[in-house]
Structure formats: structure tokens, C-alpha cells
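Reading through the C-alpha cells given below for one structure.
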Amino acid sequence: MTAQALADAVSAVRSELDAHYPVLVDTTRWTWGEDGPQVQGGVLVSAQAKVYVDGLSERLAAEVPSPAVLADLGSDWTLHSWVLPLGRATLDLHRGIEGDDLQTQWTPPVILRWFARRDRRALVQLPDGTLGWMTSNRLMNAAPISDPWADVRRAAIGEVSDAEDSLEALAERARRRTGRPYLWGGNTDAAADCSGFVQSLLHQSGLLLPKNTRDQRRSGVRVAAAAIEPGDLVFVRGNTSGLGHVGLALPAEEGTQVIHSCLTRKQIVEEPLADFLGRYAFTAARRVLRWTV
Amino acid sequence: MTATPCPECGGPVEVPADALPGELLVCDACGVELELVSTDPVALAVFEEEEK
């Protein structure tokens, strides 16, 4: 094994990362030490670190250390500052720096983590952990005395916490949005995708879910399909597309319903749970909040 | 509840008795998401999907 082999492998893995993670911020420096590959610095999220470890291990046929993860929630690293968006207009965060693929939205007020700026675009992180690019001219420095996200109540694996409002209030808020348009990456009262819809609803009940369905599916505790109750998250996938989808179970006189922002119908719709599970393939149900009726 | 080896890491994955085919479970050892391919016999496969 040589240093050149390591350099070639790192270069190849960086190309792979660029293809998969357009928001890549990579501060790693790899060197060949007495005990093999050594790493300094880190990458933004754990998924990037995994690509590094898997890609280099395969190419070098050796065990490689994982780079530090700089931005995952709970990280001790301080390679960031806090910024405050000006105005009350909705923030649009995009996956890529070009701003052509909406990642998510957020309605101020909020304090953001700021990581990088390039060509009047800023790479920032929301309190739910989502990273994305936005225009930098709306941001001003904020210097909080303590962590401004310390009081954010996030969903966690294996935990069910008390809701701050009732199931009835949740249902009323959810149903008020019936018929509003589906928007890929959307997360506002006006328009949302499936994960943004449930995230915004439960955030108003006091719990912040992750933004995407994969992470939402790991939140809270498992509920069997036959035991789904109003307030639970119901995860499915398209029978033909395989695309992950999520809806929220709601109470109704005629039996449990599911409300969801539907890509194919292009709007927020409500339907009986049995119909929902009949049209899609069930993948999981999770309970994240304990409700009062 | 049945314990089945994770196809990714070999760690034990607990499959609830009321789990349905197609249901997704998570390996506590390695964190990978697994699809319950069949219940009799119990079979798991690493799951990957397009997200939204």
C-alpha cells in the first residue's frame, strides 16, 4: 500500500461524493501514517462519512478511519456560526447551490446554522437538521449567548412524548389544509409535500420531526398495522413507483382516516385508513406523540 | 418475537410476531433499514428507496 494509492482512492471517493451530495462540504485531509490511513477534519453529515469509509475500505482493502461529522445534530464541532434571516418571508432551501431543486422550506423566525457561502448562496442548517442552500443576502449574523436550538423538542428513536395540544385540535388544523397543493420539498401552510405536511402539523403540536420520510420512519416507536390509532404516522410506498410516502392518521366517526399530501393527486387529501393501505404498500407506522382527546 | 440475523452485519434483528411482509425494520446493531420479505420463513433484505 502506498500514499499514492490512498490519494487515488480519496480522489475517486470525492468524485462519488460530489455525485451524491451536491451540498458537500469536505474539510478532510488524508495522510498515510505508520498504521495506515489517517484523517484530519471532517465532512458535513454522517452519510458522507459512510461513503468515505465504505469507498476507501473497498478500494484500499483496509480498515479506514471515519472523518469527523461536522453538522449532524449533537456534534461537538463548532465549525459554524449562527445567522438570522431578515423578514418574515418563507425560506426556500435548495439541495444544490444553483437553487433549482427545493429541499425544504421554513417560516421565520428561526436562527440558522451557517456553514459556507459561495456566489451569494449560503449553506445553512435548520433546527430539524436539514441542510440546504439559500440566498445569502437575507442573512445577518446572530451571536446567541447559548445554543438557540437547546429548547427545540425533536422526535427521537424509541420515545413518545406528550403533545402540547389535543387530537381534536390536530385534526382541525390538518383538515383545514385539505385541498391545498402538493409541492415537492414544500413545508408551509400554503403547500407541502408528504413529509413536510406531517412535519409542520406535529411541529405545531410541540414536536419537531426530521424532514424526510426515511428519518421520520425511525422516529418514535413502532406500531403494528392492525394497531394504528389517530395521531400515528403511517408510512407506505407506491406499489409501482416504490416511492416512500407518509400520512397522518386522524379520528373520524366512521373510523380512522389518513390525511396526506398526495403526489399523484397533487393536493392534500383525506381518505379512510383501509383505502390508504389498499392503494399503497404498508411499510411502517410510528407513534411519536401521546395525545389527549 | 423472532430474532433473525441482519443481512448487513449479522446482528440479531427482532421481528415482531404481528409484522407484515413489506414492513420495514431497523437493525439496532448497524442501523440499516431492513424489509421483511417474508414471514414464514422469516426473511429480511436490506432496504433502499427513493425518498420524499
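The residues B:Met1, A:Met134, A:Met140, sorted by heavy-atom accessible surface at 1.4 Å with ligands and nucleic acids left out, run B:Met1, A:Met140, A:Met134 from largest to smallest. Size estimate for region A:161-292 follows the Kirkwood approach: the inverse of mean 1/r over distinct Cα pairs works out to 14.3 Å. Residues of region A:235-249 falling in the label zone of A:Thr264, defined by backbone nitrogen less than 13 Å from a point 7 Å along Cα to beta-carbon, are A:237-245. A:Lys211 contributes an accessible area of around 10 Å² to the protein surface, as traced by a 1.4 Å probe with all chains present. Using only the alpha-carbon atoms, how far is helix A:46-60 inclined from the longest principal axis of chain A? Give it as 0 to 90 degrees, nearest 10. It is inclined by approximately 40 degrees.
What shape does region A:3-69 have by the C-alpha gyration tensor, where a ≥ b ≥ c are the square roots of the eigenvalues, rounded means a/c under 1.5, and otherwise prolate means a/b greater than b/c and oblate the rest? In terms of gyration-tensor shape, prolate.
Dividing the convex hull volume of the alpha carbon atoms of the protein assembly as shown by its residue count, what do you get in Å³ per residue?
Values: hull volume 52.7 nm³, N = 345.
Given the Cα convex hull of the protein assembly as shown, per-residue volume reads 153 Å³.
Sequentially through region A:268-283, phi angles give Karplus couplings (6.51, -1.76, 1.60; θ = phi - 60°) of 7, 10, 10, 8, x, 3, 4, 5, 4, 6, x, 7, 10, 9, 5, 10 Hz, Gly and Pro residues having no value and appearing as x. Rounded, prolate or oblate: which fits region A:81-142 when a ≥ b ≥ c are the square roots of the eigenvalues of the alpha-carbon gyration tensor, with rounded for a/c under 1.5 and prolate only if a/b beats b/c? Verdict is rounded for region A:81-142. Shape of chain B from its Cα gyration tensor (a ≥ b ≥ c, root eigenvalues): rounded if a/c is under 1.5, otherwise prolate when a/b > b/c, or oblate? It comes out oblate by the Cα gyration axes.
When only the heavy atoms of the protein chains count and the probe is 1.4 Å, how do A:Val234, A:Val152 rank by accessible area, highest first?
Of A:Val234, A:Val152, the descending order of accessible area is A:Val152, A:Val234.
Approximating the spin labels as points 7 Å out from Cα along Cα→Cβ, the A:Ser241-to-A:Asp151 distance works out to 3.9 nm.
How would A:Asp189, A:Asp35 rank on accessible area, largest to smallest, probe 1.4 Å? Write down the numbers at each step before the final one.
Numbers: A:Asp189 85, A:Asp35 140 Å².
If we order A:Asp189, A:Asp35 from most to least accessible, we get A:Asp35, A:Asp189.
Note on A:Arg290 and A:Asn137: their simple-model spin labels are 5.1 nm apart, each label 7 Å out from Cα toward Cβ.
Beta bridges assigned by DSSP with both partners in region A:3-69 are antiparallel in approximately 75 percent of cases.
The values are calculated or read from the model by the stated rules, or taken from the named source; none is laboratory data. Just so we're clear, the structure is a prediction, and the values are computed from it rather than from any experiment. A quick note on method: Cβ atoms are made from the backbone with ideal geometry, for glycine too, and the neighbour counts reach across all protein chains shown. Accessible surface is based on the protein model in full, side chains and every heavy atom, while ligands, DNA and RNA are left aside. Shrake-Rupley method; radii C 1.70, N 1.55, O 1.52, S 1.80 Å.
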